[in-house]
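Engineer: Supplied in structure tokens, the structure appears directly below.
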Amino acid sequence: MGKALIVGTGLGAMTSALRLASRGYKVEMVEKYHQPGGRLNQLKKDGFTFDLGPTFFSMTYEFEEFRKDVGLTRLPFTFRDLDVLYAVNFRGSDKRYIIYRDLDRLAKEFEAVEPDFRRKMDRFLAGAARFFHDTEYLVLKRNYDSLFQYLLTLLRVPVRHSPKLLRSVWTEMERHFESREVKEIFSLVAFFLGATPFDTPAIYTILSYTELVHDGYHNVEGGMYKIVEGLRKELDRAGVVMHFNTEIVDYRQADGKVAAMIDRHGKDWEADLFVVNADAAWFRHKIFRRKKFSAARMDKLQWTLAPFTMYLGLDTKLPDVPLHNYFLGTNFKEYSGKIFKNAIKLDQPYYYVNVVSKSDPESAPEGCESVFVLCPVPDMRFKPDWSDREQIAAGIIRDLSGRIGIDLQKHIISKTVMTPVEWRDAFNLYKGSGLGLGHNLNQIGGFRPKNFDEEFKNVFYVGASTVPGTGLPMAVISSKLLVERITGAYGSLHS
């Protein structure tokens, strides 16, 4: 049982590969895309460099746990703390709210709209902290062999947290704050999960605690892709071989196990065990053709919003635009309620802007700026046709130009647009959904697709759509849970 083949090279795959290699497994990786990283990827074009997907994250200690587990003396990339987390602007207003990690400075930002903000925020964060620390190891960082085992675990969660299971993020905000601005800004954490505050359980207000108190937000010196480049060097040292432009489209089984994965060119990739870093639900649907993951059933699942992304190279600087920004409208509830199912026009969208070169000047030529724009949009179940991509892109650029007082259209010297179609095709994302399966109560913990296969004992899963969920630290935890599964079944080859 010495050879493992990993399908995909996302963060979950790369950390799994190093964990397995450190335990004596021979690991080989195959990847559809032309370079590693999955959604944690990079675009280089016209002298500009962009992070393709994630731009900041929390829970850095999960990377430290991983480092110790695989025996590295230091991580092959460097975290950078963010004191200013992000800025928020509402359409029609010149006011920009700066979200500081320092709670006293943060309170001053909201003193005009939310009297007694600091006391209210302390109370809100204290509740989120209690839930986080009562469930982090009990519920989040563990494997479940069955739904029954998961439900038994939930019974051990202190009963005082039960209401959080029944409330939404928005309802929780309404319990603590009065002003529209505060409720909307601090419920943006739901959008980080690819959902809205109205359909995300209140348990995810723990993200406010992790961003403001517990670990804060970080990015990486030299850009987020340094994580991938650093891990790739360690994988090279460990003898892990990667193959790119290699898409798995079928499999061969023997004696109740998978004997080989088969790529688009008909080549067999044989191994003793297989780890799937492609979306766990999509792979069961598309490659294993499971009835439980039929097209009809897949469409009924809650998927995260799709990404509409732009990568802009500008021949000017943006001195007054911070690193991370959210540009919101004035119809938050209506927009949130209708965006999922394409029931609202995208002519006045809500979007996020990352001025990459503020953090990493080398990502743009001298005097220029690299700008990444993300607009959460309906997936292809609800909007299959993206032929209006240029109109949507122009609308966002026009809106952003008006808000920052610079006609961006005159300064764009490089432009790349990715709709849900491109995201689907590049990374096999189901209907273009950006972060895989959503996180409603029916799709978390023991209800999520398992990280071991239902039929083949030598097939396992890692990544956003299996346990524990979406996000960079979750992918690292996912790799830990996966390797616990594998070593539980097959042992460590060093022991």
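The values are calculated or read from the model by the stated rules, or taken from the named source; none is laboratory data. Note that the structure is predicted; figures quoted are calculated from it, not measured. For neighbour counting, all protein chains shown are included, and Cβ atoms are generated from backbone atoms with ideal geometry for every residue, glycine included.
The rows are residues; the columns are (1) surrounded by fewer than 18 Cβ atoms within 10 Å (Cβ to Cβ); (2) part of a helix (DSSP H, G or I).
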| position | (1), (2) |
| --- | --- |
| Asp385 | yes, no |
| Glu390 | yes, yes |
| Ile396 | no, yes |
| Lys431 | no, yes |
| Phe456 | yes, no |
| Val467 | no, no |
| Thr470 | no, no |
| Leu482 | no, yes |
| Thr487 | yes, yes |
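Engineer: Looking at Gly24, Gly12, which one is small (Gly, Ala, Ser), under 19 Å from the mean Cα position of the chain (by Cα) and in the same structural domain as Gly463 (by TED's automatic domain parsing)?
Structural biologist: That would be Gly12, the only listed residue that is small (Gly, Ala, Ser), under 19 Å from the mean Cα position of the chain (by Cα) and in the same structural domain as Gly463 (by TED's automatic domain parsing).
Residue by residue, here is whether (1) part of a strand (DSSP E or B); (2) more than 17 Å from Asp379 (Cβ to Cβ) holds:
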| residue | (1), (2) |
| --- | --- |
| Gln253 | yes, yes |
| Gly266 | no, yes |
| Val275 | yes, yes |
| Ala281 | no, no |
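Engineer: Restricting the search to segment 220-251, which residues are free of Cβ contacts under 8 Å to residues at least 40 places away in the same chain and not in a helix (DSSP H, G or I)? Quick ask: steps written out before the conclusion?
Structural biologist: Looking only at segment 220-251, we keep the residues that are free of Cβ contacts under 8 Å to residues at least 40 places away in the same chain, and these are 236-237, 249-251.
Residues satisfying the conditions are Val249, Asp250, Tyr251.
Engineer: Let me ask something additional. For segment 178-206, what are the residues that are closer than 24 Å to Ala13 by Cβ and either among the hydrophobic types (A, V, I, L, M, F, W, C) or in contact with a helix residue (DSSP H, G or I) (Cβ under 8 Å, 6 or more places away or on another chain) (or both)?
Structural biologist: Those that are closer than 24 Å to Ala13 by Cβ and either among the hydrophobic types (A, V, I, L, M, F, W, C) or in contact with a helix residue (DSSP H, G or I) (Cβ under 8 Å, 6 or more places away or on another chain) (or both): Phe192, Leu193.
Engineer: Against the conditions (1) over 23 Å from Gly194 (Cα atoms); (2) not in a helix (DSSP H, G or I), where does Ser401 fall short? Just the number, please.
Structural biologist: (2)
Engineer: Another one. From the list Leu212, Leu125, Leu193, Leu165, exactly one residue is among the aliphatic types (A, V, I, L, M) and more than 25 Å from Leu305 (Cα to Cα). Which is it?
Structural biologist: Details: Leu212 fails: more than 25 Å from Leu305 (Cα to Cα); Leu193 fails: more than 25 Å from Leu305 (Cα to Cα); Leu165 fails: more than 25 Å from Leu305 (Cα to Cα).
Selected residue: Leu125, the only one of Leu212, Leu125, Leu193, Leu165 that is among the aliphatic types (A, V, I, L, M) and more than 25 Å from Leu305 (Cα to Cα).
Engineer: Please verify whether Leu72 is aliphatic (A, V, I, L, M), farther than 30 Å from Arg403 by Cα and without any contact (Cβ under 8 Å) to a residue 12 or more places away in the chain, treating the condition exactly as stated.
Structural biologist: no
Okay, residues lined up against (1) assigned to a helix (DSSP H, G or I); (2) of a type in the set (Gly, Ala, Ser); (3) touching a residue at least 60 places away in the same chain (Cβ under 8 Å); (4) under 30 Å from Tyr144 (Cβ atoms):
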position	(1), (2), (3), (4)
Lys345	no, no, no, no
Val353	no, no, no, no
Val371	no, no, yes, no
Cys375	no, no, yes, no
Met380	no, no, yes, no
Trp423	yes, no, yes, yes
Gly434	no, yes, yes, yes
Gly446	yes, yes, yes, yes
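Engineer: So, one more: How many residues, within segment 20-52, are charged (D, E, K, R), in contact with a Ser or Thr (Cβ under 8 Å, 6 or more places away or on another chain) and surrounded by 23 or more Cβ atoms within 10 Å (Cβ to Cβ)?
Structural biologist: Residues that pass the stated criteria total 1.
Engineer: Restricted to segment 293-320, and to residues that are in a helix (DSSP H, G or I) and of a type in the set (D, E, K, R), which residue is farthest from the chain's Cα centre (by Cα)?
Structural biologist: If we take residues in segment 293-320 being in a helix (DSSP H, G or I) and of a type in the set (D, E, K, R), then Arg297 is farthest from the chain's Cα centre (by Cα).
Engineer: Let me ask you something else. Does segment 169-219 hold any residues that are hydroxyl-bearing (Ser, Thr, Tyr) and outside any helix (DSSP H, G or I), and which are they?
Structural biologist: Ser179, Ser187, Thr196, Thr200, Tyr217
Engineer: Next question. Check Ala475 against each of (1) more than 24 Å from Lys226 (Cα to Cα); (2) surrounded by 17 or more Cβ atoms within 10 Å (Cβ to Cβ) and name the one condition it does not meet.
Structural biologist: Of the numbered conditions (1) more than 24 Å from Lys226 (Cα to Cα); (2) surrounded by 17 or more Cβ atoms within 10 Å (Cβ to Cβ), the odd one out for Ala475 is (1).
Engineer: Still on this structure, I have one more. Asp315: more than 24 Å from Arg101 (Cα to Cα), surrounded by fewer than 17 Cβ atoms within 10 Å (Cβ to Cβ) and in contact with a strand residue (DSSP E or B) (Cβ under 6 Å, 6 or more places away or on another chain), yes or no? Can you show your working first?
Structural biologist: On the way: more than 24 Å from Arg101 (Cα to Cα): yes; surrounded by fewer than 17 Cβ atoms within 10 Å (Cβ to Cβ): yes; in contact with a strand residue (DSSP E or B) (Cβ under 6 Å, 6 or more places away or on another chain): yes.
Against the criterion (more than 24 Å from Arg101 (Cα to Cα), surrounded by fewer than 17 Cβ atoms within 10 Å (Cβ to Cβ) and in contact with a strand residue (DSSP E or B) (Cβ under 6 Å, 6 or more places away or on another chain)), Asp315 qualifies.
Engineer: I'm checking my understanding of the structure. Among residues of segment 256-308 that are at positive phi and either modelled with pLDDT of 95 or more or touching a strand residue (DSSP E or B) at 6+ places or on another chain (Cβ under 6 Å) (or both), which one is surrounded by the most Cβ atoms within 10 Å (Cβ to Cβ)?
Structural biologist: Across segment 256-308, the extreme among qualifying residues is Arg289.
Engineer: For Phe124, work out the one condition from (1) over 13 Å from Leu212 (Cβ atoms); (2) touching an Asp or Glu at 6+ places or on another chain (Cβ under 9 Å) it doesn't fulfil.
Structural biologist: Checking Phe124 against (1) over 13 Å from Leu212 (Cβ atoms); (2) touching an Asp or Glu at 6+ places or on another chain (Cβ under 9 Å), the one that fails is (1).
Engineer: Please find, among Val169, Val220, Val240, Val157, the residue that is in contact with a helix residue (DSSP H, G or I) (Cβ under 7 Å, 6 or more places away or on another chain) and surrounded by fewer than 19 Cβ atoms within 10 Å (Cβ to Cβ).
Structural biologist: Numbers: Val169 fails: surrounded by fewer than 19 Cβ atoms within 10 Å (Cβ to Cβ); Val220 fails: surrounded by fewer than 19 Cβ atoms within 10 Å (Cβ to Cβ); Val240 fails: surrounded by fewer than 19 Cβ atoms within 10 Å (Cβ to Cβ).
Sole residue among the options that is in contact with a helix residue (DSSP H, G or I) (Cβ under 7 Å, 6 or more places away or on another chain) and surrounded by fewer than 19 Cβ atoms within 10 Å (Cβ to Cβ): Val157.
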